[in-house]
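The structure appears right after this line, and notes come after that.
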Amino acid sequence: MLSLDLSKASSFLPPDYLDSRLPALEKAASMLANHNGPGGDFTGWVFLPRDYDKQEFVRIQAAAEKIRRQSQVLVVIGIGGSYLGARAVIDLLRSPNYNLKKKDTPDIFFAGNGLSTDALLELISLIGDRDFSVNVISKSGTTTEPAVAFRIFKNLLEEKYGKQGARDRIYATTDKTRGALKGLADAEGYEEFVVPDEVGGRYSVLTAVGLLPIAAAGIDIVALMDGARQAMEELAAGGADNPAWQYAALRHALYCSGKKVEMLAAYEPAFRFFAEWWKQLYGESEGKEGKGLFPASLEYTADLHSMGQYIQEGERILCETVVSFAPRGEVLIPHDPDNVDGLNFLAGKPLSFVAEKAMRGVILAHVDGGVPNVLIQMPSISEKSAGYLIYFFEYVCGLSGYLLEVNPFNQPGVEAYKSNMFALLGKPGYEDKQAELEARL
Ligand code: PA5
């Protein structure tokens, strides 16, 4: 399913970069499989494509069907790992223009991933008088942004449909036993879905967190899970031939050689939010203890005309991973008898031919500019290829975190801004910190 070409990156490294890391990879793979490495309590995603809760899966499909029947709009409330996966998959499989399309599934809007008043007002006016449902997603159940947004949309639903009607349109995805959202959902009687204890936010796209909105968008979640399961099975057999081991070793070797930024580039605009999901996955998993490649993303060829100069000649701290999909159709470049634009040498050729040559030319140029390049080639975009790629990146990320000797499954740094914000907002319990921070403002 996935073809990995490391030849334009490994040439920057000593020949033994993979062999020298095989013992560490062996250990990393074993810690992931046995859930006994740092953060092992959060490695439930490793076998999730096989071991997911089948009964809940059926409930997810039924809820998605009900949402499609009942509502023209679904508002998905969540932040970070509680929204990026769903948005990534819906954009990739159904298009970033999904909401503009004529379709028999609801428009899907994402809320609670920021604190912009303008964005919220715009969303409310976009919903207008249409019927809507809400899927509120928070593992902790206490994250401020989604909690505030949920309060607002819950009020709107109750005003429109009454308390009972609102209840029938709210789906809460949260912890099985703990947290404010769990308490609220129990008290109000919302339909509930579970973020499994052993799966962290950024690894949760293949749980109800991602699957309910994805299914509501009409995407075949059985095929998505199948793709992920195929990746899980193929990558489980370790060794020097395993593409996940190869890629993790290469990323680590590039980092040790002085590269500081990994750019994920694709030629598909639909991939933009997949790259956002990838950035969170790698940034939160590796960026700690003063370590980690900084994950950045690029959309080609557009960004070649904005970032291309820096990539080619700026600070040599960059490495690049390009993801390429086979096209789902074909557009032929027409012949023009006047040929004023001089493009007849391309007449009759598919646009994908131009894209392929552009990609190859860019890779060679970047390599010549000192930017190691990895190429991941996928079949055309589909539920199966998306599921495969999700699992591949998750697995490489787990291996990479262990090679870096960090706990890839915590995110202690995220708390710093939260506690400052709580203090400045005057949340009870933060009085001392509030005084200290206000004195510094
Ligand atoms: O990956 C993570 O764990 C985080 O990015 C969380 O997903 C994010 O902070 C949202 O947290 P919660 O789902 O608890 O509201």
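The values are calculated or read from the model by the stated rules, or taken from the named source; none is laboratory data. Just so you know, these numbers come straight off a predicted model, no measurement behind them. Reconstructed Cβ throughout: ideal geometry from the backbone, glycine too, with neighbour counts over all protein chains shown. The protein model used for the area step is the full one, side chains on, heavy atoms only, and it has no ligands, DNA or RNA in it. Shrake-Rupley method; radii C 1.70, N 1.55, O 1.52, S 1.80 Å.
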- Message: Accessible area of segment 45-219 with a 1.4 Å probe: how many percent of it is carbon plus sulfur?
- Response: 51
- Item | FRET efficiency, 1/(1 + (r/R0)^6) with R0 22 Å, evaluated for K357 and R328 via beta carbons | 0.70
- Between the modelled labels at D336 and K163 (7 Å from Cα along Cα→Cβ) the distance in nm is 6.7
- Message: Please give the Cα centre distance for segment 116-133 versus segment 302-369, rounded to the nearest Å.
- Response: 38
- Query: Taking the highest mean first, how do the peptides 19-32, 374-387 order by number of other beta carbon atoms within 10 angstrom per residue?
  - Reply: 374-387, 19-32
- Taking the Cα centre of the chain as the origin, how large is its charge dipole in debye, to the nearest 20, when only Lys and Arg (+1) and Asp and Glu (-1) carry charge on their Cβ atoms? 580
- Message: About the Cα centre, and with charges only on the beta carbon of Lys, Arg (+1) and Asp, Glu (-1), how big is the dipole of segment 322-431? Nearest 20 debye, please.
- Response: 200
- How much of the accessible area of segment 272-333, probe 1.4 Å, is carbon plus sulfur, in whole percent? 54
- Message: As I understand it, the dipole of segment 45-219 uses +1 on the Cβ of Lys and Arg and -1 on the Cβ of Asp and Glu, about the Cα centre. Which of T173, G128, I90 lies farthest toward its positive end?
- Response: I90
- Got a sec? Charge dipole of segment 45-219, +1 on Cβ for Lys and Arg, -1 for Asp and Glu; which of F110, A185, I219 is way out at the positive end? I219
- Note on the structure: In Å², rounded to a whole number, the accessible area per residue of the chain with probe 1.4 Å is 44
- Message: Run the helix sum for the chain: -39,500 (n - 2.57) per DSSP H stretch of 4+ residues, divided by residue count, reported at 222 nm to the nearest 500 deg cm²/dmol.
- Response: -15500 deg cm²/dmol
- Note on the structure: Of the listed links K288/K357; K8/K418; K103/K182; K8/K279; K54/K260; K154/K418, those spanning more than 31 angstrom between alpha carbons are K288/K357; K8/K418; K103/K182; K54/K260
- Task: Please work out the C-alpha center-to-center distance from segment 264-287 to segment 3-55 and express it in whole Å.
- Result: 18
- Query: Using 0.36 nm per residue, how much length does the chain from I124 to D5 gain when fully extended, once their Cα-Cα distance is taken away?
  - Reply: 38.3 nm
- Task: For a quick protection proxy, order the peptides 90-99, 263-272 by their average other-Cβ count within 10 Å, most packed first.
- Result: 263-272, 90-99
- Message: Using the crude model of +1 on Lys and Arg Cβ and -1 on Asp and Glu Cβ, and no other charge, please compute the dipole size for segment 45-219 relative to its Cα centre, in debye to 20.
- Response: 300
- Once Lys and Arg get +1 and Asp and Glu get -1 on their Cβ, which of A231, G78, L18 lies farthest toward the positive end of the dipole of the chain? G78
- Item | Amide H contacts under 5 Å for M263, placed H, 5+ residues apart | A296, C319, E320, T321
- Query: Which helices, taking whole DSSP H runs in the chain, have alpha carbons extending 27 angstrom or more along the helix axis plus mean Kyte-Doolittle at least 0.5?
  - Reply: 383-403
